[in-house]
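The block underneath contains the structure these notes are about, expressed in structure tokens.
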Amino acid sequence: MIGQLKSYFLFFFFFFLFSSFVSQTISFKNEFGNPLKFYKVLVSKGHHKDTLITNKSGVLNFKSISNFDSLSLILSDTIISMTHFEILNNNYQFFTSISNYKSLPIFEAKVESNTQLPIGLSELNHQVVKSKEIYNSNVSTGAELLLLSDGVTIQKSSFGGGSPIIRGFEANRILLMVDGVRMNNAIYRGGHLQNSITVDPFILESCDVIFGPSAVSYGSDAIGGVIHYKTKDPTLLNTNDTSSFSGLYFTRFNSATNELSNHINFNLSGKNVASLTSITYKKFGDVSMGKNRVHGFQNWGLHNFYTEFNNFQDTMIANSNPSIQRGVGFNQIDLTNKILFKLSTTSRLIINSQFSSSSNLQRLDQLNNLTLNNLPEYAQWNYGPQKRLLNSIAFSSPFSSTLFDDIRAVFSHQYIQESRITRRFNSFFQKNSVENVNVLGSNIQFSKSIGANSRLDYGTETYYNNVDSRAYQLNLLDSSTSFIDSRYPNGGSNIFFPAIYASYNLKKNRLSLIGGIRYTWNQASAIFNDTLLDFLSDDFEIKRHSLSVSISSYFYPNETTKIFLDLSTGFRAPNIDDLGKVFIKDQFLTVPNSQLVPEYAYNFSLGIGKKINFNNIQFSFSSTSFFTILDNVITKQSLEINGSSLIYYDSNYYEILANQNNAFGIVYGLSGSLSITFFKNIKVHSSLCYTSGILEKEEIPMSHIPPLFGKLNLNYIFKKFEFQILNNFNAEKSNKLFGQGNTDNPLEASPMGYPSWWVINTQVGYQYKESLKLSLGLYNLLDVHYKTFASGISAPGRSLMVSA
């Protein structure tokens, strides 16, 4: 199977590499998609400049100007410029709003990286976190940076965690991508994930957050939304460049987490080849929680004890300062290298290599569990080093033919390693489980303009996952090892899912319509060898298929208003984690179930955006409501084996759980944001998100549903200074609203649930030179104690942050 897939990838790669590439025209349009007729365009090539005029359709003939560095559109009050490469990545369309991506209105915002496949989006269902925002914040991981966008919150099982929640969906119902490659793999679980921390935030150009089901464009798992990390591309040497070398160094210290982060990247430029290399090393220590317990629970979340193992004996030690969460720190290294080849004037090839590895990550929410004898349940419960290796080839080029005008392709290989290390208190037997996942992937997309107002995108996507799961027990007394059950089928398991898809985009006057369809075939198989659980003797092979459709419309009643309507379906095919996992948490044992069928989401979204300019004041408002029906929803439910709901396993009795298809669930909510800008240097931004969800069969709340949350930020720029006051808040999540089972971590909540919280952060930045910016921040100013929803660790207390 793998050999056939490699041959498939190589065939398509060399086919596209040695093809000739020509595009015909460049279209110029305003933010509403209307053609810019008879506008002057300045064509620059080195020191030579020409002025051309767009025709009655707002088009320039590309053949007559195929050799240029940049184009500048001359408007009455400004000049907007785009490089040749930017126009190429924008499908040969020049939008007047391209330099102000977040402003309203925008007509079918386009992607900016040649590793992202194009799709019609707007601010009402799509947000972008830019590199500048990341460096100007206190975010340390690829998970935390998502808090810079509206409508996203994260859960943390450990300090090195960060599981995004979008519209009440989390974990394997959210699709993670990096540079056009799916990160979701066969062992992405349904509880909480920390895989997003393997993405280095300091090398990102931007991060796209797409809300709602996006199965037509992205396939399985994109039910709650899509998070697409896009790393910076190397830059070629321009005519006016005086040096072929450029670089950046960034360092930061945070007192509450004892963080010390260092990042360096450097770009080597040539006329036809460029390379970008990035190195980031982060180290975190013990984390101090807030001491201001406005919620009234004086002992909730305290780290009262920890254990030490000396002379083959465990000792329970009282923590002299229970507000310090000891041992939760970790370190991580992230490496990135990208090489860009300019194959022709308009064709690009990028070789992309990324590697991330962490130290052990301690699970404090497991280590604080006590037995009936008031002794620790575990002396050791760690995630082992989490490793991610990505190698990909991304190719983009125009290709003139009857069937398509443009080709974009990404071929990739990923290697992921996860491990868990556990040992019970006063036990000499340490359990180790190691999961190795190899993923081969390809995505090939074709685009064809049909007339001046419509475009057809279509393509194929294929991914193959192979899982190798092993486990052993280490005797600390004599270093001998013995067999134990692995987390996933120990004889090996795999998933194969090819897909074909198409979308049609029609733009007419003040209306844009986007319709799409996708067909996905899913095949999963697993082999159980020797196992300690008698009922795990059957291997399985399942074959499923899914059909997804969507239709979206954008309507512009006037130049300052946008209305968005989306009717879409999404799906999530059961993966190996759903079908074949053996897992212990608290007093529950999760066992495999190979009878699962795919989840289907049916979504309705309606949004409106408004922008008003009044003298020196600008108002931007947006609001979106959403309603999603999740059919065949997979949830953990009680199970009886041989007439009993309890099972004796690993020297203990556990209540049996298994993933099972429920009838359906309903998730609905409302989100909104308001931005006000005064005199261009003062900006107030606020956002709010409400979500609710229920399982109809039992009429009980769904898991993963966060409480009401939002933010209120003030930004003021004065000369070289930038001042910020940042407020984040969460409403209360009562334990009556928790989902069934232990997904919402009821054992980590207070007696009433997760209390409301409100934190204030302040920051000041000083642009000393163009190449040097100094930042000083004080976070959690009031030293409030809180836990984010469903988290197993308390958030950091008051902290001082210094960066340069």
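The values are calculated or read from the model by the stated rules, or taken from the named source; none is laboratory data. All values derive from a computational prediction rather than experimental measurement. Cβ coordinates were reconstructed from backbone atoms using ideal geometry, including for glycine residues, and neighbour counts include every protein chain displayed.
With small (Gly, Ala, Ser), more than 27 Å from the chain's Cα centre (by Cα) and assigned to a strand (DSSP E or B) as the only criterion, which of SER546, SER525, SER550 stands out?
Testing whether each residue is small (Gly, Ala, Ser), more than 27 Å from the chain's Cα centre (by Cα) and assigned to a strand (DSSP E or B) leaves just SER525.
Enumerate the strands (runs of 3 or more DSSP E) found wholly within segment 156-213, keeping only those where 2 or more residues are out of contact with any His (no Cβ under 9 Å at 6 or more places or on another chain) and crowded, with 24+ Cβ neighbours inside 10 Å.
Because the criterion is at least 2 residues that are out of contact with any His (no Cβ under 9 Å at 6 or more places or on another chain) and crowded, with 24+ Cβ neighbours inside 10 Å, the strands (runs of 3 or more DSSP E) in segment 156-213 that meet it are 163-166.
Which residue pairs have Cβ atoms under 6 Å apart, sit 6 or more places apart or on different chains, and have a first residue in segment 677-689 that is under 10 Å from LYS711 (Cβ atoms) and a second that is aromatic (Phe, Trp, Tyr) and buried (at least 18 other Cβ atoms within 10 Å of the Cβ)?
Listed pairs, sorted by first residue: CYS689/PHE709.
Output the qualifying pairs, or none if there are none: Cβ atoms under 9 angstrom, residues six or more apart or on different chains, first residue in segment 136-149 and farther than 16 Å from ILE165 by Cβ, second residue part of a loop (DSSP other than H, G, I, E, B).
SER140/THR257; SER140/PHE284
In this structure, is ASP406 in contact with a strand residue (DSSP E or B) (Cβ under 7 Å, 6 or more places away or on another chain), at pLDDT 95 or above, closer than 30 Å to LYS230 by Cβ and acidic (Asp, Glu)?
Spelling it out, it is not the case that ASP406 is in contact with a strand residue (DSSP E or B) (Cβ under 7 Å, 6 or more places away or on another chain), at pLDDT 95 or above, closer than 30 Å to LYS230 by Cβ and acidic (Asp, Glu).
Could you grab me the full set of residues in segment 629-681 that are crowded, with 19+ Cβ neighbours inside 10 Å and either within 30 Å of LYS719 (Cα to Cα) or among the hydroxyl-bearing types (Ser, Thr, Tyr) (or both)?
THR635, TYR654, SER671, SER673, SER675
Just for segment 511-533: of the residues that are surrounded by fewer than 22 Cβ atoms within 10 Å (Cβ to Cβ) and of a type in the set (A, V, I, L, M), which one is modelled with the highest pLDDT?
ILE517
Of the conditions (1) in a strand (DSSP E or B); (2) of a type in the set (A, V, I, L, M); (3) touching a Ser or Thr at 6+ places or on another chain (Cβ under 7 Å), LEU781 fails just one. Which one is it?
Against the list (1) in a strand (DSSP E or B); (2) of a type in the set (A, V, I, L, M); (3) touching a Ser or Thr at 6+ places or on another chain (Cβ under 7 Å), LEU781 comes up short only on (1).
Can you tell me which of LEU276, LEU268, LEU260 is closer than 30 Å to ASN304 by Cβ, of a type in the set (A, V, I, L, M) and in a strand (DSSP E or B)?
LEU260
For HIS228, state whether it is closer than 28 Å to LEU567 by Cβ and assigned to a strand (DSSP E or B). Show your work before the answer.
On the way: closer than 28 Å to LEU567 by Cβ: yes; assigned to a strand (DSSP E or B): yes.
In short, yes.
Table: residues versus (1) among the polar types (S, T, N, Q); (2) touching a residue at least 12 places away in the same chain (Cβ under 8 Å).
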| residue | (1), (2) |
| --- | --- |
| THR590 | yes, yes |
| TYR600 | no, yes |
| PHE604 | no, yes |
| PHE614 | no, no |
| PHE627 | no, yes |
| SER638 | yes, yes |
| ASP650 | no, yes |
| TYR654 | no, yes |
| ILE666 | no, yes |
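Could you list all residues from segment 318-338 that are within 19 Å of THR371 (Cβ to Cβ) and either in contact with an Asp or Glu (Cβ under 6 Å, 6 or more places away or on another chain) or not in a strand (DSSP E or B) (or both)?
Once the filter is applied, which keeps residues that are within 19 Å of THR371 (Cβ to Cβ) and either in contact with an Asp or Glu (Cβ under 6 Å, 6 or more places away or on another chain) or not in a strand (DSSP E or B) (or both), segment 318-338 yields only ASN319.
Does GLU133 fit the bill of being under 14 Å from the mean Cα position of the chain (by Cα) and surrounded by fewer than 22 Cβ atoms within 10 Å (Cβ to Cβ)?
no
Hand me the list of strands (runs of 3 or more DSSP E) wholly inside segment 633-739 holding 3 or more residues that are among the polar types (S, T, N, Q).
In segment 633-739, the matching strands (runs of 3 or more DSSP E) lie at 634-638, 652-661, 664-678, 682-695, 721-730.
So in segment 479-510, with the set limited to residues that are outside any strand (DSSP E or B) and either of a type in the set (Ser, Thr, Tyr) or at pLDDT 95 or above (or both), which one is surrounded by the most Cβ atoms within 10 Å (Cβ to Cβ)? Break it down stepwise before answering.
Step one: filter segment 479-510 for residues outside any strand (DSSP E or B), giving 479-480, 484-492, 509-510.
If we keep only those that are either of a type in the set (Ser, Thr, Tyr) or at pLDDT 95 or above (or both) too, we end up with 479-480, 486, 488.
On the way: SER479: 7, SER480: 10, SER486: 23, TYR488: 28.
Per the criteria, the residue is TYR488.
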